[in-house]
Amino acid sequence: MGADATAAGTSTFPTFEDFYGVVHGYPPFLWQAQLAAQVWEEQSWPDQVAAPTGAGKTSTLDIAIWVLARQIHEHGKEGRSFPLRVFLTVERRLVVDDAETHAKKISVAIEEDSALNPIKEALRSLLPEDWDQGVLNVTSLHGGKPSSRDWLRPFGAQIITCTVTQLASRTLFRGVGVAPGSLPLHAALTGVDRLILVDEPHLVPATVKMWREAESIQSEFEEILPLGQTIVLGATVPPYLEGHAFVGSLIGDPSPVAKAKVNASKPAVIVTVDTPSTTVDKIVAATCEAWLNRDGDGGDGIIVVANTIDSAVRIRNGIAKKLQKDQDLRLHLLISTIRPLDRTSIEFSKNSIVVATQTIEVGVDLDACALITELASLPALVQRFGRFNRSGLRKIVRATIVANPNDEPSKAIYGEEQLYSTLDVLERTAVDGFIDHFGALEIPSDTWEDEARTVSVNPFLPRLTATRPTALAPWEALAFGPDRVDRASITVAWRQNLDILDQNQILREETITIPLWAAKKFVTSGKGDAKFSDTTAGAPREEPAASIRVSCRIRRGETWVQPSSSDELLADAILVLSTTAGGYSLENGWTGVGAKPDQEVEDHSMLAVLKRGQGYFDAGVLLGQNRTLELLELEQDLLEHVKVELKEKISELELDNSLSISGRFVAVGRETVKKDHGSPVGLADHSLQVSETAEESACLIGLSDELVSTLQEAGLKHDFGKSDTKFQQHFNNFVDEPLAKPRGSILAANRGLMPIGWRHEILSAQSVSGENVKAALVRYLITTHHGWGRRITNHAGKILLSTNQYEELESIFGPWGLAMLETTLRIADQMSSSKPNKKGLKWADLDVSFAPEIPDTERDYVSLAGMRPYSLNMLFGGIGALAAAGQGACFRVREGLVQISASADIVWDSESWTKVLDAMELGAQGVEGKFGKIVKKNKWRTYFREQMLDIAPMMESMLFDAQPEPQGGRFYSLPIHLRNGNPFGILRTEDPDARVASLFEPDSPQVPGKQNGGLDTSIETRLTGETEFLYSEHHLAWSIAGMAALGMPPSEYGVGVSQNELRIPVPDFWVTLDELRDLFITPVPAVPVLRWRSTSTYASQQVKLWEPILSADK
C-alpha cells in the first residue's frame, strides 16, 4: 500500500495504483493510471480508449469502480454522477467469460482485503441497510449461460459482462430470452445509470451508434439519474467511431512487462493459394511444421484461426490425421456452434494446438509461440496477431498467413475489396513473402468495412416500448444495421419427442445459434454447411420460400407446430429439430449434414436440467420412448426406474430427495415447500413493506424527494385492489383481514369467483386521486407493476388503453427513465415478497378508498356513409379522416361503418399532401423508372430520403428504413401499390371540399383504371374478372392518409401486414388516433380483427388486390 492508504477503519482512500495492486498483485501500466487520473479529474469518460492489443483494456472495469467509490467517499451518494452499472460487452462468449473472471477478482479483493475498506464502505452505502451480500455484484450474460437475476435491481455497484446481442436487445426493450413482462426492467437497467464499455467496436459499429442515439434521446428529458456513456475500447477503431479519445501506449512505460510487449517479435510469412482445399492443406502443413519446431517453453502453444466454422473443422481434422501418433499433442476446436454441454475445457499450454474461428480474436489473454491464419481484413488480422507472442518472451516465434482473396465465404464475411486491400498492404510490406514485424503495420482506411448504414431508433419507440403484449419491431436492424442480414439468427435444439414440447421447456445449455439462412437451407433440403463465421454469418442472397423436408417444430403462439415453409422460420426464434434429422455431431458441432440412420443427435434436455439442478425433463430421454410408454401403460412406478437409471449413468449424482414425477415428466429440485398457513402475509404488512423498500431504493439511487415520495405512495397502494372481497375469497381467504398472497394453493372451486383476466392493478390504481403529474405517475406505476399497462391492459375481457397517460409521462421522463421508475417499484415488490416483514398491521389502519369507475359518455358523431361498409377504403380512409379531424377526435366501427367524433371539422390538407407528392417525385430520381425498383438503395436512403423528409416530414412512416439493401424492395412502406402502377398522383386535388364530401356521399365519382393501389374495387368487378377497374380517387387518397397516420410499420410492407395478410383491428368503442395506433401495434384478442389476403386478380398476375378473408377474429 502507498503512504496515503492505511489500515481498515480509516477514511484515507487508496490511490488507483494501490487499488489495482491489491486486486491483481502487480501495479498497473502507466497508461492505465493516467486514464484513471484523467477520468477522475474530468469527472467523465472519453468517447474512446485507444490502447494496443495486449495492453490491458479490461482495466477500464477497475477504473470505473475506483472512480465511483472515490466519488461516493468524497461527496456521498447524493453527489454521485458516475453510473452504478458497468457493462463490458463484446461479441465473443469466451471474452465475456474472461472479463467476468477479471471482474470477480475486483469484487473479491474489495470484500476481503482490509486495505480496500474505504472502497468497500463507499460501495456499501449504495445498498440497503439489511443487505447481506457483497458490495460489488458481478454477473455474466450470454446465450451459453443460464439466466441470472442477481443484477436485476436499480441500486448498488455492479459489473455485468455480456455479449453485444444480449445487451443491445435489452436496451431496445427486446431482451433475447427475456419474458415480455420483464422487458421494461432490462431496458431500464441497460438504458440509464450505466456505463457501456464496448470492446472491439469495429465488430458492431451500428450498435455503438444505437446506444449513443438512445443516450441522446433520453438526454432530452428530465434527468432523474446519471445517464452514462458508451465508450469504445480498442487498438482497431474505425474512423467513423472515433471521438474524444484517450490514447494509451506502452511505449515509455518503465515496467519490464511493458518493455517486453513493446519489443515483441512478430514475423510473418505470406503464402498465396487459389482454392479452398489448398488453403486447408497449407494451413495444416504450416501448423505441423510449427509443431515440430515449437518453442520448448512455448507459452500457450500454437493457435490456428479460420474464417469459417467449416474451415476450422476441416483444419482440425487434417491436423489430427497428420499428428495422430504424437502423444504430447493436446488438440482443441474452439467454435461457437458446439452445444455448451458438449464443450470440453480447453487447455492452452506449450503442448496445445487450438483451432479457432473469430472467437479467439479479441480479449482472450493468450501468448502463443506460433500463429497460422487465413487471410482476413487487416483489422481482424491485427486482433489475431494480438494473441501471438503477446508477452514478447517467446524465443521461437513464427506466423503464417495463408491468403486466398477469392475465397467466397471469406469475401462474404469481410468484403472482397477489404480482402484485396489487405493483401496489397501485406505484399507491399513483405520482402520475398516475409514480413519482419507485423506489429508495425498501420491500418489504411480502405481495409475497414464501409461505414454501416444505421436506422434511427426514435421512430420505432412506440413499437419498442409496447412490451406486453409485445409489438413487432425490427430490433435487430436497429441494433446492428439493416444491411447486416447475416446477423439474423435462430436458436436450434434437438429433441427425441417433438410432440410434448408444450410441456417441456427448451434450455440454453442444449442449444446453439446459427444463421437463419443456414437453418432454412438445412430444413428445406436436409443438406447444409457451416460456411459461416463466428461473428457474422456472411449471408448469401435470400432464397425464395421452399417446403420443409425434415421433422421439426417452431412455436406459433402458445403451441409448437411443424412448419411447412421456410418463410415460417423467423429471426430470434427457436427451431427444434428431431434427433433423427441430424445437422450436428458431438465432435464438430453444427455440420448442416443430415443424419445417417444410426447417427442420431443426442437429446440433451435431461443433462441441461440436471446441470441446473432445477427444471423437468421427459423420462423417455433416459429410459427410451417405447419403454417409458410401456411403464406408463403398466402403471409402474416410473420414478424408481428413473432413479435406478440415473445412478447407473451418472454415479456421482445425488438428486433422490429432489426428484418427483408427473406423468412422464421428471421434476428436479422442485420439492413442495410447506407454507406457514398459520401466519400468512397480510395485505397491509406487504403494502407498507413495499412502500418502505421502494422509498429506500429510490433514495439509494439518488432520485429527487418528489420521486421518492411518488414511489413511496405507489408502493403503499400497488396491491390495494387485492382487498376486493371476491378476490380474497379467490385467495382462499374468507376472513375480514385481506392477505397479500393466497392461503395455500388456490382451490379449483374458487377460481370462478373472479372474471378471467381480472387485474388487481386496475382496481389498485383507482385508489389514487388527483389529476396532477404525481397522481398520474402513481397510477401508472401501480398499473404496470406486473408488466401490463404499457398502453394496453386486457382487464376481464375489457380493453383498457392508457396511451395518453403513457405519452404524457414519457414526455417528462423519457422512455428509459420511465422504465427505471417502474423497475424501482417492481423490484421493491419482488424483494418484499421474497422476505416478508410481518408486523401485524391491520388493513383498517390504511384508510383505503376507491374512486368509482367513470362510465363512458355518449358522443356526437358522424358516420362515413360515402364508403362501402367493411371495405379497406372505409377503414383506412376513416383513419385518414380521424387524423384530419385534429386533437381529441375519436374513432369506432359499428356495423362496418367508421364513426368519427370530433369537435373540429374534417379538412383535407391540400398543401401538406401536395408537398408529400413533391417529395415522392424527388425520391423517384433515385430509382429506375418512376416509383419502380430502387437501383442504389443505400445512395437513395442516405441522400434522397433525407431530402424527401425535409420537404414533407409527415411522410416518415411511409419510408420504412430498416430493410436490407438487396434490390427489389418496396419503395414505400404502405400496404398499397401492389404492382398496380403509381396511385400516388391522386394526393393532389383541385377540389378539397369534394374530397371531404366523398366521405359522406355514397355517390362519390369513380374512374376506370388499374392504379387503385391494390385496394377495393367493386365486388362485381373482382368476381367477373373485368379488366377495367372502377375506383374512387378521393377514397384512395383518404386511405393513403390513414396508412401514413398509423406511424412507423414493423416491416417494409406497412402497418398491419404480415406474411401477405393484412389485419386491421375494428374497435367498437371510442379510441383516439394514438390509441388506435396502439391497437395496430399490439393486437389483443378482445378487439375484433378484419383480414385481407394479397391475391392476383383474374385479369392479370401483375395486378393485385387485397381479397377479404370472410371471417372475423376475436
Restricting the stretch 184-206 to residues that are at pLDDT 95 or above and in a helix (DSSP H, G or I), the residue that is farthest from L152 (Cα to Cα): G191
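Do we have any residue at all in the stretch 68-88 that's among the hydroxyl-bearing types (S, T, Y), surrounded by fewer than 20 Cβ atoms within 10 Å (Cβ to Cβ) and more than 30 Å from I506 (Cβ to Cβ)? Before the answer, list the steps.
Taking the stretch 68-88 first, the residues among the hydroxyl-bearing types (S, T, Y) are 81.
In the following step, the residues that additionally are surrounded by fewer than 20 Cβ atoms within 10 Å (Cβ to Cβ) were identified as 81.
Still in the running and more than 30 Å from I506 (Cβ to Cβ): 81.
Among the residues of the stretch 68-88, at least one is among the hydroxyl-bearing types (S, T, Y), surrounded by fewer than 20 Cβ atoms within 10 Å (Cβ to Cβ) and more than 30 Å from I506 (Cβ to Cβ), which makes the answer yes.
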Matching residues, the stretch 119-166, being out of contact with any Leu (no Cβ under 8 Å at 6 or more places or on another chain), farther than 16 Å from F82 by Cβ and in a helix (DSSP H, G or I): K120, E121, R124, T165
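Provide a single number: the residues in the stretch 1047-1083 that are within 24 Å of F960 (Cα to Cα) and part of a loop (DSSP other than H, G, I, E, B).
Of all residues in the stretch 1047-1083, those within 24 Å of F960 (Cα to Cα) come to 1047-1065, 1072-1083.
Checking the rest, the ones that are also part of a loop (DSSP other than H, G, I, E, B) come to 1047-1056, 1059-1060, 1072, 1082-1083.
Within the stretch 1047-1083, residues that are within 24 Å of F960 (Cα to Cα) and part of a loop (DSSP other than H, G, I, E, B) number 15.
Give D281, D310 a once-over and let me know the one that is in a helix (DSSP H, G or I), in contact with a Lys or Arg (Cβ under 9 Å, 6 or more places away or on another chain) and under 23 Å from V593 (Cβ atoms).
Values: D281 fails: in contact with a Lys or Arg (Cβ under 9 Å, 6 or more places away or on another chain).
It is D310.
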Residue within the stretch 253-263 that is in contact with a Ser or Thr (Cβ under 7 Å, 6 or more places away or on another chain), surrounded by 20 or more Cβ atoms within 10 Å (Cβ to Cβ) and either assigned by TED's automatic domain parsing to the domain that holds V198 or at pLDDT below 90 (or both) present: yes
Filter result (within 28 Å of the chain's Cα centre (by Cα) and surrounded by fewer than 20 Cβ atoms within 10 Å (Cβ to Cβ)) within the stretch 1054-1079: S1058, Q1059, N1060, E1061, R1063, D1074
Where a residue in the stretch 424-439 is under 22 Å from R387 (Cα atoms) and its partner, wherever it lies, is among the hydroxyl-bearing types (S, T, Y), with Cβ under 6 Å and at least six apart: I435/T429
Residue count for the stretch 927-944, restricted to those that are surrounded by fewer than 19 Cβ atoms within 10 Å (Cβ to Cβ), modelled with pLDDT of 60 or more and within 27 Å of the chain's Cα centre (by Cα): 1
Enumeration of residues in the stretch 588-598 that are of a type outside the set (A, V, I, L, M, F, W, C) and in contact (Cβ under 8 Å) with a residue 24 or more places away in the chain: N588, G589, T591, G592, G594
Residues located in the stretch 554-576, provided they are on the phi > 0 side of the Ramachandran plot and either surrounded by 14 or more Cβ atoms within 10 Å (Cβ to Cβ) or in contact with a strand residue (DSSP E or B) (Cβ under 8 Å, 6 or more places away or on another chain) (or both): D572
Pair list, Cβ < 8 Å and 6+ apart or interchain, from the stretch 184-201 residues that are in the same structural domain as G56 (by TED's automatic domain parsing) and within 22 Å of T58 (Cβ to Cβ) to residues that are of a type in the set (S, T, N, Q) and part of a strand (DSSP E or B): I196/T89; I196/T230; L197/T89; V198/T89; V198/T230; D199/T89
Unmet requirement for I413, which otherwise passes all of (1) over 24 Å from I309 (Cβ atoms); (2) buried (at least 22 other Cβ atoms within 10 Å of the Cβ): (1)
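Quick one: which of D367, D342 is of a type in the set (D, E), touching a residue at least 40 places away in the same chain (Cβ under 8 Å), touching a Leu at 6+ places or on another chain (Cβ under 8 Å) and within 25 Å of G592 (Cβ to Cβ)?
Answer to the check: D342.
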The stretch 652-687, residues that are small (G, A, S) and at pLDDT 60 or above: S658, S660, S662, G663, A667, G669, S679, G682, A684, S687
Matching helices (runs of 4 or more DSSP H) fully within the stretch 456-526 where at least 1 residues are modelled with pLDDT of 90 or more and more than 19 Å from the chain's Cα centre (by Cα): 516-525
Count - residues of the stretch 246-272 that are assigned to a loop (DSSP other than H, G, I, E, B) and closer than 21 Å to A440 by Cβ: 11
Residue in the stretch 744-751 that is modelled with pLDDT of 90 or more and over 31 Å from the mean Cα position of the chain (by Cα) present: no
Odd one out for G243, checked against (1) at pLDDT below 95; (2) outside any loop (DSSP other than H, G, I, E, B): (2)
Boolean, Q599 is closer than 29 Å to I335 by Cα and of a type outside the set (K, R): yes
Failed item in (1) modelled with pLDDT of 95 or more; (2) within 32 Å of the chain's Cα centre (by Cα); (3) assigned to a helix (DSSP H, G or I), with V96 passing the rest: (1)
Output for the stretch 341-395, where each listed residue is out of contact with any strand residue (DSSP E or B) (no Cβ under 8 Å at 6 or more places or on another chain), crowded, with 21+ Cβ neighbours inside 10 Å and assigned to a helix (DSSP H, G or I): L378, P379, A380, V382, Q383
Residue in the stretch 1012-1055 that is modelled with the highest pLDDT, counting only those that are within 25 Å of S973 (Cβ to Cβ) and among the acidic types (D, E): E1033
In the stretch 752-787, residue nearest to the chain's Cα centre (by Cα) [restricted to those that are hydroxyl-bearing (S, T, Y) and assigned to a loop (DSSP other than H, G, I, E, B)]: T784
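The values are calculated or read from the model by the stated rules, or taken from the named source; none is laboratory data. All of these numbers come straight from a predicted model, not from anything done at the bench. Backbone-built Cβ (ideal geometry, glycine too); neighbour counts: all protein chains shown.
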